Amino acid sequence: MSAAIPDCVLLLLQESLAAWRVRGVIARNAAGGLELCAAGTLIEIARAPEGLPFRWLVGVAERKRPVSGLAGLLRAVRALVDPDFRALPVRIAALPLAP
Amino acid sequence: MIPIWVLTGFLGSGKTTLLGRLLKSPGFARTAVIINEFGEVGLDHDLVETSDESFVTLQTGCLCCAVRDDLVLTLEALLRRRASGTVPPFERVVIETSGLADPAPILHALMTQPAFEGRLALAGVVTTVDALTGAQALARYPEAVKQVAMADRLLLTKTDLLQAPATSLIARLSALNAAAVLSTAAFGEIAADQLFGSEALPVALERWLRTSPAAQARQGGHNHASDITALALVRAAPVRAVALTLLLEVLAEHVGGDLIRLKGLINIAESPERPAVIHGVQHVFHPPAWLERWPSQDRRSRLVLIGRNLRQAWVEALWTALDAEVDEVSGAVPAAADTTGEGLRPEPRPGRASFPAR
């Protein structure tokens, strides 16, 4: 069984909708995941099952895609609710861990 | 390392007059100047280079690549001539932008060009503001607002023409960018080092981080006239490097177009004695600089963002959630049933890094 989705992730998604100027509501569902309704789309967000190299599953109806972290989760959600969003074509290299 | 200063300012704000004066002063000796065009004021100097940057204002979309080619070629040629002795050994470079230019592509070019590594370093942005017409320019032209918001140093020009102190204009400048040092110049007269003198990085950064939150509190953190917002975030606990990387990545991806400047002094968990200095312009982030030691007793991470329509609550929530996720994945905070054991991995996407890990 996967862990429940932390409150901080729920808050982040709520604040993200506001930051993107997208009207929507987010609620926990009976399965322990989240349901986000915005732009006429119902998006389901859940923890990935154990044993998968991903942390999240996100998508509409049966079309779920796995993402490995919150950065990917936000990208996936915004792509579904904001038609003007274009994913950044560059990556930020990891900081050197030490000087 | 040769410092590069970018001199910008709206049309008619006195950039060329300023340069004309400075080029005659001993304090400006050993300075190479790159200008986009010769102005009305004759610039009699051994180290003036021309760079045909005027096309920048005619382009649409991302200008990074367009400006990079010309500016980088000009700078590389200048460095070659310096090495060969065909120009004096300049110790500072000043790049003057055109009056309608967005400084960001120029900063991007300077921040991301590998050929400059170890030879040239962006020192800062100086923005001239006409004391007489500056308020109107800020009200009408977003380019003028951006030039002010990006500045490290602001120069109020033509103060000799004022009938009364420019109180409201100064208040406006403070609202847009309280962290920038504000100087005044009458008849273009100002000491070169006051504008283009290098300040020790810890000193400059501490001033930036100290000023912005205070100013934000005074101004309510938001300038409604232009939607320019200054956010200040503080974290007492050290930040894991990967959490900071993810934070910068999400900021770049979701608000990069609206992010004008970002500066931070970060207590990295993996390097508790040597804080990291981070610096970004829009979606491009400079490789972190590591200070030798903390500049003060304050070891909290401090991050200041200036941009359009930024939401403090979103950035706070983002940082908190990323911290929690990284802690959970690394095992610092055990998850009740999350036993995937997988680390955070970047999503597979094409492209290149905004800054290389060096």
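In the stretch B:97-114, which residues are open to solvent by less than 10 Å² (accessible area, probe 1.4 Å) and in contact with a strand residue (DSSP E or B) (Cβ under 8 Å, 6 or more places away or on another chain)?
Hits for the stretch B:97-114 are B:T97, B:G99, B:A101, B:P103, B:A104, B:I106, B:L107, B:H108, B:M111.
In the set B:L120, B:L100, B:L132, B:L110, which member is among the aliphatic types (A, V, I, L, M) and without any contact (Cβ under 8 Å) to a residue 40 or more places away in the chain?
Matching residue, one of B:L120, B:L100, B:L132, B:L110: B:L132.
Could you check, for the stretch A:34-45, whether at least one of its residues is more than 12 Å from chain B (Cβ to nearest Cβ), in a loop (DSSP other than H, G, I, E, B) and open to solvent by 10 Å² or more (accessible area, probe 1.4 Å)?
Yes, the stretch A:34-45 contains at least one residue that is more than 12 Å from chain B (Cβ to nearest Cβ), in a loop (DSSP other than H, G, I, E, B) and open to solvent by 10 Å² or more (accessible area, probe 1.4 Å).
Here is a list: B:A357, B:A336. Which entry is touching a Leu at 6+ places or on another chain (Cβ under 8 Å), at pLDDT below 50 and not acidic (D, E)?
That would be B:A357, the only listed residue that is touching a Leu at 6+ places or on another chain (Cβ under 8 Å), at pLDDT below 50 and not acidic (D, E).
Select from the stretch B:274-288 the residues that are open to solvent by less than 40 Å² (accessible area, probe 1.4 Å), under 16 Å from the mean Cα position of the chain (by Cα) and within 9 Å of chain A (Cβ to nearest Cβ) and list them in ascending order.
B:I278, B:V284, B:F285, B:P287, B:P288
Check A:E15 against each of (1) facing another protein chain (nearest Cβ under 10 Å); (2) assigned to a strand (DSSP E or B) and name the one condition it does not meet.
If we test A:E15 against (1) facing another protein chain (nearest Cβ under 10 Å); (2) assigned to a strand (DSSP E or B), just (2) comes out false.
Being at pLDDT below 85, open to solvent by 40 Å² or more (accessible area, probe 1.4 Å) and assigned by TED's automatic domain parsing to the domain that holds B:A180: is that true of B:G85 here?
So B:G85 does not fit the description; no.
Just to be sure before I move on: is A:A98 of a type in the set (G, A, S) and modelled with pLDDT of 80 or more in the structure I sent?
In short, no.
Take the stretch B:1-38 and flag every residue that is in a loop (DSSP other than H, G, I, E, B) and within 20 Å of B:E117 (Cα to Cα).
B:M1
The values are calculated or read from the model by the stated rules, or taken from the named source; none is laboratory data. Keep in mind the model is a prediction, meaning the values are calculated, not measured. All Cβ positions, even for glycine, are placed from backbone atoms using ideal geometry, and neighbour counts span all protein chains on display. Remember, those area values only see protein heavy atoms, side chains included, never the ligands or the DNA or RNA. Shrake-Rupley method; radii C 1.70, N 1.55, O 1.52, S 1.80 Å.
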